[in-house]
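This report concerns only the one structure given below.
No value in this document is a laboratory result; all are computed from the given coordinates. Because the structure is a prediction, the values reported are computed rather than measured. Using ideal geometry, Cβ is built from the backbone for each residue, glycine included, and neighbour counts are taken over all protein chains shown.
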Amino acid sequence: MNCPSCKKEIVPDSVFCSWCSDFVPSSGQGKKAGLFRRWVALALDPLIAVVLYLVGVGIVGSISKDLGTVAAIVLPIVYLVWFLSLLRKGVTPGKKLMGLQVVNQQTGSIPGMGTMFVREFVGRFISGAFGGLGYFWAIFDKNSQAWHDKIAGTVVLKLAPRPVPADMAPSLASSR
């Protein structure tokens, strides 16, 4: 089989071209996400939660102790709802910031909520259960799949940059 993007031959059973890193089942949708970018996104998810919690509780708590208690209860719920709403789109807050998206490895479609739940909660627990070996597995896997990706049947893409519409782009004449 040949890559639809660069036309070079690809490894059998691979969902990424080893030459141009394009996602073969849906060419042009994105490229194979780098492991560093994925690990940064993984670290950002809890960091965002902690920062939002501390800042929110700190600010609200400085106004009123009772409101601070309410914020300590409400803010984690708000973050969880936001997190779950993003899962429906195949991203987490960290992945969204890093320009990554989780897709079905066979079709390139956004996985359902059930698949994302299995990947993010059950699969990540299994990936971390053996000293993090499941996360490092992606280094050696031809499709850069960690154990949680394999369990859920997903891959992570670095999304292709979206072109800016001509009417939204600043003109060269106005910048002079």
Neighbouring Cβ atoms within 10 Å as the yardstick, rank W147, W137 fewest first.
W137, W147
Net charge over other residues, Cβ less than 9 angstrom from the Cβ of K32 (K, R count +1; D, E count -1):
+1
First select every other residue whose beta carbon is under 12 angstrom from the beta carbon of C17; then total the charges, Lys and Arg +1, Asp and Glu -1.
+3
Given charges at Cβ of Lys, Arg, Asp, Glu: the stretch 33-159 dipole, positive-most of F36, P76, I48
F36
Farthest towards the positive end of the dipole of the chain, among S18, Q105, V60 and with Cβ unit charges of +1 on Lys and Arg and -1 on Asp and Glu, lies the Cα of S18
For the chain, the dipole about the Cα centre with charges only on Cβ (Lys and Arg +1, Asp and Glu -1), to the nearest 20 debye, works out at 300
Sort R38, R88, R124 so that the residue with the fewest other Cβ atoms within 10 Å of its own Cβ comes first and the one with the most comes last.
R88, R124, R38
Could you state the principal axis extents of the C-alpha atoms in the chain, from the largest down, to the nearest angstrom?
64, 58, 25
Which of Q105, Q145, Q29 moves most in a GNM of the chain, Cα contacts under 10 Å?
Q29
Centroid-to-centroid separation of the stretch 1-49 and the stretch 96-164 [C-alpha atoms, Å]:
11
Can you put C3, C17 in order of Cβ neighbours within 10 angstrom, beginning with the fewest?
C3, C17
